[in-house]
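J.: Quick one: the structure is below, questions incoming.
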Amino acid sequence: TSVTEGLTQAIENVKSTFDGERMTVTYDLSNSDQSQKFKVALYGSHNNYTLPIGYSTGEVGEQVLPGKSKRVVWDIQKELPPDFDADISIKVKAAKVAPPFAKMQAKPLLKTGYKRGQSVDVQWTGGKPSDKIHIDLYKDGILNQKLAENLGNGQQLYQWSLPKGLKGSGYSFVINNASEKSSSGTFKVKPKLPFLLKVLPVLVIGGVVVALGGSKSTATDSPTNDLPGPVKPN
């Protein structure tokens, strides 16, 4: 029985032994990322390498991590007919297993209230790199307006300035990628300047005007030379 190295560069130092019933194959699986998982399978020349070997145990399948002296045992008697009598070449193949993608999730907003004209960072995590992201503004659970469509899922950040027309509470950003939807949580929109700060300057100016007018009127109606003099004692 001969063993040939797999076609992938991750497989090295392939060896085999045969005890008449079972074949033991050992190999090294190298990769710079030690947490990267591989799908490993054995293929034999008995079926022209068309189907992976089935009756094998050990470090095969989709959860194999890199390392040296990986071991696979193939039960040949279960796989091949009793009258099989030929040399078999074995190939060990490994392919990277893509990590499961995290569920897309909107990050909570940094504040519960924003002023009109203020920029808001809408952020999220997860999803596939190829996802197209859509962001909508809701108020009290009802769609208020669409903000962005078909954004890339790379930066995972969208900056939006609150327009003048928004007011009140119950607003939220809803992010979706066609298969998942997530809300940022609610926030309220505050005026750019508080109401008192808008009214107070008018009142102050009015008070100054009234004070100046009263002073001028007093000076005109009551000349200083008509004022009574000091009272002399009897």
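J.: Within the range 12-43, name every residue whose backbone N is under 14 Å away from a label modeled 7 Å from Cα of Ser89 along the Cβ vector.
T.: Residues 43 qualify, since their backbone N sits under 14 Å from the label point.
J.: So what does the Cα-only Debye profile of the range 28-86 read at q = 0.23 Å⁻¹, as log10 I(q)/I(0), no solvent term?
T.: -0.95
J.: Counting heavy atoms of the protein chains only and a 1.4 Å probe, report the per residue accessible area for the range 52-146 as a whole number of Å². Kindly include the intermediate steps, with their values, before the conclusion.
T.: Values: 5900 Å² over 95 residues.
Ligands and nucleic acids excluded, the figure is 62 Å² per residue.
J.: Oh, and also: Net charge near Ser161, counting Lys/Arg +1 and Asp/Glu -1 over other residues with Cβ under 13 Å of its Cβ?
T.: Details: positive: Lys115, Arg116, Lys164, Lys192; negative: Asp121.
Residues near Ser161 contribute +3 overall.
J.: Please list the non-local residues whose amide H lies under 5 Å from the amide H of Val120, H modeled 1.01 Å from N, same-chain partners needing a gap of 5 or more.
T.: HN-HN under 5 Å from Val120: Trp160, Ser161, Leu162.
J.: Also: May I ask you to give the average projected area over all directions of the convex hull of the Cα atoms of the range 88-154, in nm² rounded to one decimal?
T.: Details: hull surface 30.3 nm².
Its average projected convex-hull area is 7.6 nm².
J.: Can you run phi through the Karplus equation (6.51, -1.76, 1.60; θ = phi - 60°) for the range 110-118 and list ³J(HN,Hα) in whole Hz, with x for Gly and Pro?
T.: Each residue of the range 110-118 in turn: 6, 10, 9, x, 10, 8, 4, x, 7 Hz.
J.: Sticking with this structure for a sec: Kindly flag which residue pairs out of Lys167/Lys188; Lys111/Lys146; Lys70/Lys96; Lys115/Lys164; Lys15/Lys96; Lys115/Lys181 have an alpha-carbon separation exceeding 18 Å in this structure. All intermediate terms of the calculation are to be shown ahead of the outcome.
T.: Details: Lys167/Lys188 7 Å; Lys111/Lys146 21 Å; Lys70/Lys96 16 Å; Lys115/Lys164 9 Å; Lys15/Lys96 22 Å; Lys115/Lys181 26 Å.
Flagged as over cut-off: Lys111/Lys146; Lys15/Lys96; Lys115/Lys181.
J.: Still on this structure, please answer the following. Fully extended, how many nm does the chain gain between Val73 and Asn48 (0.36 nm per residue separation, minus their Cα-Cα distance)?
T.: 7.0 nm
J.: Got a number for carbon plus sulfur as a percent of the range 81-148's accessible area, 1.4 Å probe?
T.: Working: 2240 of 4240 Å².
Using a 1.4 Å probe with all protein chains present, the range 81-148 comes out at 53 percent carbon and sulfur.
J.: Under the Karplus relation 6.51 cos²θ - 1.76 cosθ + 1.60, θ = phi - 60°, what is the ordered set of whole-Hz ³J(HN,Hα) values for the range 53-68, x standing for Gly and Pro?
T.: Working through the residues one at a time gives 5, x, 7, 10, 10, x, 8, 10, x, 9, 10, 8, 9, x, x, 9 Hz.
J.: Using only alpha carbon pairs under 8 Å that are at least six residues apart, calculate the relative contact order of the range 66-144 and give it in whole percent.
T.: Numbers: 32 pairs, mean separation 17.7, N = 79.
Once divided by the residue count of the range 66-144, the mean separation gives 22 percent.
J.: Taking H placed 1.01 Å from N in the peptide plane, check which residues at least 5 places from Met104 or on another chain put their amide H under 5 Å from its amide H.
T.: Under 5 Å from the amide H of Met104 lie the amide H atoms of Gly127, each far enough along the sequence or on another chain.
J.: What shape does the range 115-170 take by its C-alpha gyration tensor, where a ≥ b ≥ c are the square roots of the eigenvalues and a/c under 1.5 counts as rounded, a/b above b/c as prolate, and the rest as oblate? Present the calculation step by step, with values, prior to reporting the outcome.
T.: Details: a/c = 2.55, a/b = 1.81, b/c = 1.41.
Prolate is the answer for the range 115-170, as a/c is 1.5 or above and a/b outweighs b/c.
J.: For the range 20-174, what is the largest minus smallest coordinate of the Cα atoms on each principal axis, given in angstrom and ordered from greatest to least?
T.: Between the extreme Cα coordinates on each principal axis of the range 20-174 lie 84, 28, 20 Å.
J.: Can you tell me how much longer the chain between Glu180 and Gln63 gets when fully stretched, taken as 0.36 nm per residue apart minus their C-alpha distance, in nm with one decimal? Don't skip to the answer; put the middle values down first.
T.: Working: separation 117, 0.36 × 117 = 42.12 nm, distance 2.72 nm.
So the extension gain works out to 39.4 nm.
J.: In nm², what is the average projected area of the convex hull enclosing the Cα atoms of the range 1-106? Walk me through the intermediate numbers first.
T.: Numbers: hull surface 31.3 nm².
Mean projected area of the Cα convex hull: 7.8 nm².
The values are calculated or read from the model by the stated rules, or taken from the named source; none is laboratory data. All values reported here derive from a predicted model rather than from experimental measurement. Ideal geometry is used to build each Cβ from the backbone, glycine not excepted, and the neighbour counts take in all protein chains shown. Calculation scope for accessible area: heavy atoms of the full protein, side chains included, ligands and nucleic acids excluded. Shrake-Rupley method; radii C 1.70, N 1.55, O 1.52, S 1.80 Å.
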